[in-house]
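Asker: After the structure tokens below, expect a handful of questions from me.
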Amino acid sequence: MSSVLLVCKQDDVIRVLADVLRPMNFQLIDSATSAGEGRRRLQEIEYDLVIVNTPLGDEFGTDFAIDISEKFMVGVILIVKSDLVDSIEEKLVDTTAFVIPKPFNRQLLVQNVRFVCQSREKFQRLQNQNRELKAKLDDLSIVFRGKLFLMEYLNLTEDEAHRYIQKKAMDMRISPRKVAEQIIKTYGKKA
């Protein structure tokens, strides 16, 4: 975990939160005193976590949490008065934001921060795997189209077309996708 944005209208609470987070080895602990300033900071810097101590100066903070959960890939923790926890959780049910009652327990905050950070890291790994799988499927799709052109125009079987693309890729030291793209470009004009 590398960066956290603390959004709180009171400087003394920002200092307390920063003291709690410092031992967790965040590379950047930044702060904003309003939701508007927090939104601007999020446009400038990619934070891993945003902790919102409600209420803020320009709004309560719930809309801010919903907004940033939808627009940014960031973990969100909202600190609210204990009598408001249930109603705030209800409003945030469709988000990934966590709600902590205040006065907050230091240990509970640390546990929630760790959980949110670990969840975010796992989600990012899954997103990367998903991106890689989509790229592989795209490659396979193009290679398959290349094989279809070879089967149609050179009367090759699927196995022969596959071997043709693989051999050409090895001989030319390029990917099978590049070979297939060249085949599609060559024979696509005839179609």
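Asker: Fewest to most neighbouring Cβ within 10 Å: what's the order for 7, 143, 74, 50?
Answerer: By the 10 Å Cβ count, ascending: 74, 143, 50, 7.
Asker: About its Cα centre, what dipole magnitude does the chain give when the only charges are +1 on Lys and Arg Cβ and -1 on Asp and Glu Cβ, stated in debye to the nearest 20? Don't jump to the answer; show the numbers that get you there.
Answerer: On the way: 29 positive and 28 negative charges, 241 e Å.
Taking the Cα centre of the chain as origin, the dipole is about 1160 debye.
Asker: Within 10 Å of each candidate Cβ there may be at most 11 other Cβ atoms; applying that plus a DSSP loop requirement, which GluC sites (Glu not before Pro) in segment 5-55 survive? Kindly include the intermediate steps, with their values, before the conclusion.
Answerer: Working: sites: 37, 44, 46; in loops: 46.
Sites meeting the loop and neighbour criteria: 46.
Asker: Using helices alone, I'd like the mean residue ellipticity at 222 nm for the chain: each DSSP H run of four-plus residues gives -39500 (n - 2.57), total over residue count, nearest 500. Intermediate values should be presented prior to the final figure.
Answerer: Details: 7 runs with 114 residues, N = 191.
The per-residue figure over the chain is -20000 deg cm²/dmol.
Asker: Another question, if that's okay. Quick one: 45, 79, 14, fewest Cβ neighbours within 10 Å first, how do they rank? Walk me through the intermediate numbers first.
Answerer: On the way: 45 11, 79 23, 14 20.
With the fewest neighbours first, 45, 79, 14 line up as 45, 14, 79.
Asker: Right, another one. Going by amide H atoms built from the backbone, whose H comes under 5 Å of the H on residue 56, apart from near neighbours?
Answerer: Under 5 Å from the amide H of residue 56: 61.
Asker: Right, here's the next one. To make sure I understand, if each residue's beta carbon is the centre and we count other beta carbons within 10 Å, what order do 54, 33 fall in, fewest to most?
Answerer: Details: 54 22, 33 17.
Neighbour counts put them in this order, fewest first: 33, 54.
Asker: Moving on. Using modelled backbone amide H atoms (1.01 Å from N, in-plane), which distant-in-sequence or interchain residues come within less than 5 Å of residue 98's amide H?
Answerer: When sequence neighbours closer than 5 places are left aside, the close amide H contacts are 76, 77, 78.
Asker: Relative to the longest principal axis of the chain, what angle (0 to 90°, nearest 10) does the C-alpha long axis of helix 35-44 take?
Answerer: With rounding to tens, the tilt is 30 degrees.
Asker: For residue 156 and residue 83, compute 0.36 nm times the residue count separating them, minus their Cα-Cα distance, and round to one decimal in nm.
Answerer: Stretched out fully, the residue 156 to residue 83 stretch lengthens by 19.0 nm.
Asker: Also, I was wondering about something else. Relative to the first principal axis of the alpha-carbon coordinates of the chain, what is the inclination of helix 106-153, with its axis defined by its Cα atoms, in degrees from 0 to 90 and to the nearest 10?
Answerer: The angle comes out at about 10 degrees.
Asker: Continuing with this model, one more query. Pairing the Cα long axis of helix 62-71 with the longest principal axis of the chain, what angle in degrees results, from 0 to 90 and rounded to the nearest 10?
Answerer: With rounding to tens, the tilt is 20 degrees.
Asker: Charges only on Cβ, +1 for Lys and Arg, -1 for Asp and Glu: so what's the dipole of segment 129-188 about the Cα centre, in debye to the nearest 20?
Answerer: Values: 12 positive and 9 negative charges, 54 e Å.
Here the size comes out at about 260 debye.
Asker: While we're here: In nm, to one decimal, how far is the modelled label at residue 93 from the one at residue 115, with both set 7 Å along Cα→Cβ?
Answerer: 1.9
Asker: Top mean-square fluctuation among 165, 77, 100, Gaussian network model of the chain, C-alpha springs under 10 Å?
Answerer: It is 165.
Asker: A follow-up question, please. Applying 1/(1 + (r/R0)^6) with R0 = 22 Å to the Cβ-Cβ distance of residue 46 and residue 24, what FRET efficiency is obtained, to the nearest 0.05?
Answerer: Values: r = 18 Å, r/R0 = 0.83.
With a Förster radius of 22 Å, E is 0.75.
Asker: Same structure, new question: Between 114, 15, 177, find the one with the highest GNM mean-square fluctuation for the chain; connect C-alpha pairs within less than 10 Å.
Answerer: Per the Cα network of the chain with a 10 Å cutoff, 177 tops the list.
Asker: State the dimensionless ratio Rg/Rh of the chain (Rg: radius of gyration of Cα atoms; Rh: Kirkwood radius). If you can, show how the numbers build up before the last one.
Answerer: Numbers: Rg = 25.9 Å, Rh = 20.0 Å.
For the chain, the value is 1.29.
No value in this document is a laboratory result; all are computed from the given coordinates. None of the values given here were measured: they were computed from a predicted structure. Methodologically, a virtual Cβ is constructed for each residue, glycine included, from the backbone with ideal geometry; neighbour enumeration extends over all protein chains shown.
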